[in-house]
Amino acid sequence: MVIGNTRSYISQLVLHNFRNHENLAVNSNGKFVLILGKNGSGKTNVLEAVSILNAGRGMRNSTNSDIITNFDKNLAEWAVIAYYQHLESSKKILFGCNFKHTSSNGKKILKIDEEEIGKKTDILNFLRIVWLTPQMENLFLESPSVRRRFIDRMTFNFFPEHAKQVIEHEYFLQSRNKILSDVGWDEKWLTQIEQRIADLSVKIVDNRQKCLNIINSFLSTFSKTYLRPVFFMKGEVESQLETSNPIKVSDFIMEKLKRNRLNDSRIQKCGIGAHKSEVVVMDKEQNRHANLCSTGEQKSMIIALLLGQSHAIYQHSNIAPILLLDEIFAHLDERRKADLIAELSQTPSQIWISSTDTELDRLIGNATKIQF
C-alpha cells in the first residue's frame with residue numbers, strides 16, 4: 001500500500017513515558033501528519049520520538065535519561081513504537097530504554113517485529129529519517145564543527161558505516177592526545193593509532209564528498225522557488241584526494257602526524273584529519289557564500305537541502321525518508337507556505353509537521369491532524 005506518491009510511512013505511533021507523554025497513541029496514516037498546539041504542549045516531543053527510531057540520539061541529541069520524566073532508574077523505562085509500512089511490507093519497530101537494574105543511562109533496546117536487533121544500523125536497511133529544526137536555520141553562522149556534524153548526519157543516510165567511522169575517528173584522536181600528554185610516548189602504540197586516524201580520515205572525507213555530489217546533483221534540478229545552493233568540503237585531506245589515491249593520502253597524513261607530534265602535544269590538538277574539514281555553501285545563482293546571504297535566503301537554502309535529501313535518498317536507496325519539520329513554516333508568508341507545501345507534496349516522503357499555526361490545516365487540506 002502507498003499513500004499517493006508516498007512509498008514509506010508510519011501508520012501509527014505509540015509513546016510510553018516519553019518526555020511529557022506518559023501514554024500517547026496517534027494514528028498517522030497519511031502523507032502529511034500535522035501536529036498542532038501551543039508552545040510547550042509536547043509537539044516537538046512527538047517529532048523527537050520519530051527521529052529516535054533511526055537508533056541514534058535523535059533531533060535533540062538526547063541521552064536516555066533526558067527523555068524520561070520523573071526519572072527513577074530502579075523503576076523507569078521509555079519506549080517508542082511505530083507501525084511502519086515500506087512498499088508492500090509492514091513492520092513493528094520498538095525502540096526504548098530500560099533503567100531497571102542497569103547503569104544510570106539505561107539499556108537501549110531495538111526490536112523489529114518483536115525480535116531484538118543487535119546491530120542498530122540494520123534499521124537503515126528500510127528506514128531513513130531527515131529533520132529540520134529552527135536551530136538548523138543558523139547553520140551557516142555556527143562553528144565549523146556544527147556544520148561537519150550536519151554533513152555527517154546527512155552522509156549517514158547514504159553510507160550507514162559512516163557514523164561508526166566518525167565515532168572511531170574521534171576516539172583515536174582522543175587516544176593520541178592522551179598518549180602525547182605522557183612524559184614517555186609509546187612509539188609503537190602511537191604509530192598504530194595514527195595509522196587508524198589516517199585511514200579513517202580518508203574514508204570519512206570520501207564518504208562526505210560522495211554524499212554531497214549526490215545531493216548537489218538533485219539541487220541543481222530544482223525550480224527557482226528556492227535558492228539552489230552548492231555544498232562542498234574544503235580541507236587538507238580533500239586537497240590531497242583531488243590529486244592522489246587514498247593510500248598515498250593516508251601515508252601523507254601519517255607523515256604529518258608523526259612530524260607534528262611535539263607541537264600537537266603542546267596544544268593537545270591534532271592538526272590534520274577529517275575533523276579539520278570545513279563545509280562551504282554557495283548560492284549558485286549569485287556565486288556568494290551562504291554566510292553573506294540574508295536570513296531569508298539562508299532559510300531557503302536549508303529548505304532546498306531538505307527537499308534535495310528526500311529525493312536523493314529515495315533514488316539512492318529506494319527508501320523514502322520520513323521528513324520531520326519542526327516549526328519550519330514560522331515567518332513564511334502565505335505564498336511561500338503554499339509553495340513549500342506544493343514542493344513537499346512532490347517528494348516521496350511522509351511529512352510530519354509541528355506548528356502553532358492553525359491555518360496550516362486549511363493550507364494542506366488533507367493532513368492527518370494531531371491537536372494538543
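Among strands (runs of 3 or more DSSP E) entirely within segment 320-371, having at least 3 residues that are among the polar types (S, T, N, Q) and free of Cβ contacts under 8 Å to residues at least 60 places away in the same chain singles out no element at all.
Looking at Lys100, Lys91, Lys119 in this structure, which one is open to solvent by 40 Å² or more (accessible area, probe 1.4 Å), more than 30 Å from Glu278 (Cβ to Cβ) and modelled with pLDDT of 85 or more?
Just a single option satisfies the conditions, and that option is Lys91.
Residues in segment 30-50 that are touching an Asp or Glu at 6+ places or on another chain (Cβ under 7 Å) and assigned to a helix (DSSP H, G or I): Thr44, Leu47. Scan segment 353-367 and give yes if some residue there is in contact with a strand residue (DSSP E or B) (Cβ under 8 Å, 6 or more places away or on another chain), open to solvent by 50 Å² or more (accessible area, probe 1.4 Å) and at pLDDT 90 or above, otherwise no. Yes, segment 353-367 contains a residue that is in contact with a strand residue (DSSP E or B) (Cβ under 8 Å, 6 or more places away or on another chain), open to solvent by 50 Å² or more (accessible area, probe 1.4 Å) and at pLDDT 90 or above. Between Arg196, Arg176, Arg149, the distinction of being open to solvent by 50 Å² or more (accessible area, probe 1.4 Å) and in contact with a helix residue (DSSP H, G or I) (Cβ under 6 Å, 6 or more places away or on another chain) belongs to Arg196 only. Pairs linking a residue in segment 228-249 that is within 17 Å of Ser277 (Cβ to Cβ) to a residue that is β-branched (Val, Ile, Thr) and surrounded by 19 or more Cβ atoms within 10 Å (Cβ to Cβ), with Cβ atoms under 6 Å and 6 or more positions apart or on different chains, are Phe231/Val281; Glu236/Ile272; Val237/Val205; Glu238/Val205; Gln240/Val249; Leu241/Val249; Pro246/Val202; Val249/Val202. Among the residues of segment 48-67, the ones that are modelled with pLDDT under 85 and open to solvent by 30 Å² or more (accessible area, probe 1.4 Å) come to 4 in all.
Can you tell me which residue within segment 275-297, out of those that are in a helix (DSSP H, G or I) and open to solvent by 10 Å² or more (accessible area, probe 1.4 Å), is farthest from Ile253 (Cα to Cα)?
Ranking the candidates gives Gly296 first.
Of the residues Asp206, Asp182, only one is open to solvent by 40 Å² or more (accessible area, probe 1.4 Å) and in a helix (DSSP H, G or I); which? None of the others qualify; the one that does is Asp206. For first residues located in segment 257-282 and farther than 21 Å from Ile167 by Cβ, partners that are open to solvent by 80 Å² or more (accessible area, probe 1.4 Å) and of a type in the set (S, T, N, Q) and lie 6+ apart or on another chain with Cβ distances below 9 Å form the pairs Val281/Asn291.
The values are calculated or read from the model by the stated rules, or taken from the named source; none is laboratory data. Values in this document were obtained by computation on a predicted structure and should not be read as measured data. Because the Cβ atoms are built from the backbone with ideal geometry, glycine has one as well, and the counts that use them run over all protein chains shown. Remember, those area values only see protein heavy atoms, side chains included, never the ligands or the DNA or RNA. Shrake-Rupley method; radii C 1.70, N 1.55, O 1.52, S 1.80 Å.
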